[in-house]
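So the structure is just underneath, and the comments pick up after that.
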Amino acid sequence: MTIFKVTVAKGDGIGPEVVDAALQVLKALEKKDVFSFSLQEIPIGGYAIDLCGEPLPAEALDICQGSDAVLLGAVGGSKWEDKKYAKKPESALLALRKSLGLYANLRPVKLFNELEEASPLKEEIIARGIDLCIVRELTGGIYFGPRGLRNNNQQEEEAYDTELYSRKEIERIGKVAFDLARKRRAIVTSVDKANVLESSRLWRKVMEELAAGYPDVTLNHMYVDNAAMQLIRDPAQFDVIVTSNLFGDILSDQGGTLIGSLGMLPSASMGLNRRGMFEPVHGSAPDIAGKEIANPLGTILSAAMMLRLSLGLEHEAQKIEHAVQRALKNGYRTADIMNDGMQLVGTKAMSEAVIRELN
């Protein structure tokens, strides 16, 4: 029997609730004498700060490095906002991505037919379809460049954050996007700000060079401000979007609006090997933590991505995705995607509805 080692990092806010829901789905998938999941939980984020003073303890990182995949909830909250940068809950994510070499963040944005009423877009836009994937560079750019506080010649306080990209970093994320596009509709849209930023000019140059090796894939360029507008005006034009850390962070949250809720968006962070980190795109939402109203579907769909990309269980990944769609078709809705005529359920009840469809 194959035993898959999965590190579980529930985190803060609604993280424990949505991760527990996903774990119940994974447990329902286990097959006697075929495969099972060995789960080991680690503290991360604000919870870890309260527990041991560090957002990512060294022993927790060691456990992640020895696992087949990491399933993450969410980190952060107002409780820890006064911490210095190195001690903020979110710094755990940056350190984890860097240490595990997770440089490619895949964020699929797909509108289920059953949730068309939850999207704020006009019917004629929705009718053209929403099915795209944002490929976000994850370990470079302004989030990792030199930063600091200083006084200028007039002794005024200044703050700076540096957008820094190497050719190697751009090439490797570009290859992920082009390879993914070959499995989809063969269109890559590279999003940058090359009319202003030198880093974006190198980004665009490298993407053009990569495109020469993918004659079967169409490459388009788009400035980030235009891309934000086009995602609302005509999302059907996009297949694979590849962009920097900062731009990808912003645009993928916009993608949650397109399909009705951030609670529906899964993501995968991958590197050179199959081990990845899988998490919903939404944040920790401390204002609704403990109220049993959080949408677990983004986390459940993230678990499906984990099965597919890290554990090689394509059939089981598809089973989860189909079960989510059938649960929605049967009318089950959490508060963030609720509409008239549907059945309002909580976090646990929604995961139970998915499990019933698995069976």
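Looking at region 120-258 only, what percent of DSSP beta bridges run antiparallel? Nearest 5 please.
Among the beta bridges of region 120-258, antiparallel pairing accounts for roughly 25 percent.
So if R0 is 30 Å, what FRET efficiency would Asp179 and Arg356 give, r being the distance between their Cβ atoms, rounded to the nearest 0.05?
For Asp179 and Arg356, the calculated efficiency is 0.25.
Take the alpha carbon atoms of region 303-357, find their center, do the same for region 102-131, and report the distance between the two centers in whole angstrom.
Centre-to-centre distance over Cα atoms comes out at 16 Å.
Within the chain, which is the longest segment containing none of the GluC sites (Glu not before Pro) that sit in a DSSP loop and have at most 10 other Cβ atoms within 10 Å? Don't skip to the answer; put the middle values down first.
Working: sites that count: Glu81, Glu156.
Here the longest run is 157-359.
Using +1 at the C-beta of Lys and Arg and -1 at the C-beta of Asp and Glu, which of Gly248, Pro215, Tyr143 has the Cα lying farthest in the positive direction of the dipole of region 120-258?
Most positive-ward Cα: Pro215.
Per-residue ellipticity at 222 nm for the chain, helices alone: DSSP H runs ≥ 4 residues times -39500 (n - 2.57), over residue total, nearest 500 deg cm²/dmol? Walk me through the numbers before you get to the answer.
Values: 12 runs with 140 residues, N = 359.
That calculation yields -12000 deg cm²/dmol at 222 nm.
What is the Cα convex hull volume of region 120-258 when expressed per residue in Å³? Please list the in-between numbers first.
Numbers: hull volume 16.9 nm³, N = 139.
Per residue, the Cα convex hull of region 120-258 comes to 122 Å³.
Would you please classify the overall shape of region 221-359 from the alpha carbon gyration tensor, given that a ≥ b ≥ c denote the square roots of the eigenvalues, rounded means a/c under 1.5, and beyond that prolate means a/b larger than b/c while oblate covers the rest?
Since a/c reaches 1.5 but b/c is at least a/b, the shape of region 221-359 is classed as oblate.
Taking a ≥ b ≥ c as the square roots of the eigenvalues of the Cα gyration tensor of region 76-158, is the shape rounded (a/c under 1.5), prolate (a/b larger than b/c) or oblate?
Judged from the Cα gyration tensor, region 76-158 comes out prolate (a/c at least 1.5, a/b above b/c).
Relative to the present Cα-Cα distance, how much length would full extension add between Leu149 and Glu116 at 0.36 nm per residue of separation?
7.3 nm
With unit charges on the beta carbons (Lys and Arg positive, Asp and Glu negative) and the dipole taken about the Cα centre of region 198-321, which residue among Ala228, Ser269, Gly283 sits farthest to the positive side?
Among Ala228, Ser269, Gly283, the one farthest towards the positive end of the dipole of region 198-321 is Ser269.
Trypsin sites (Lys or Arg not before Pro) within region 72-166: which are DSSP loop residues with at most 11 other Cβ atoms inside 10 Å?
Lys84, Lys122, Arg128
Count the DSSP beta bridges whose two residues both fall in the chain, then state the antiparallel fraction as a percent rounded to the nearest 5.
Counting DSSP beta bridges with both partners in the chain, the antiparallel share is about 40 percent.
Read-outs: derived from the displayed coordinates by stated rules, not from any lab. Keep in mind it's a predicted model, so treat the numbers as computed, not measured. Here Cβ is always computed from backbone atoms with ideal geometry, including for glycine, and neighbour counts include all displayed protein chains.
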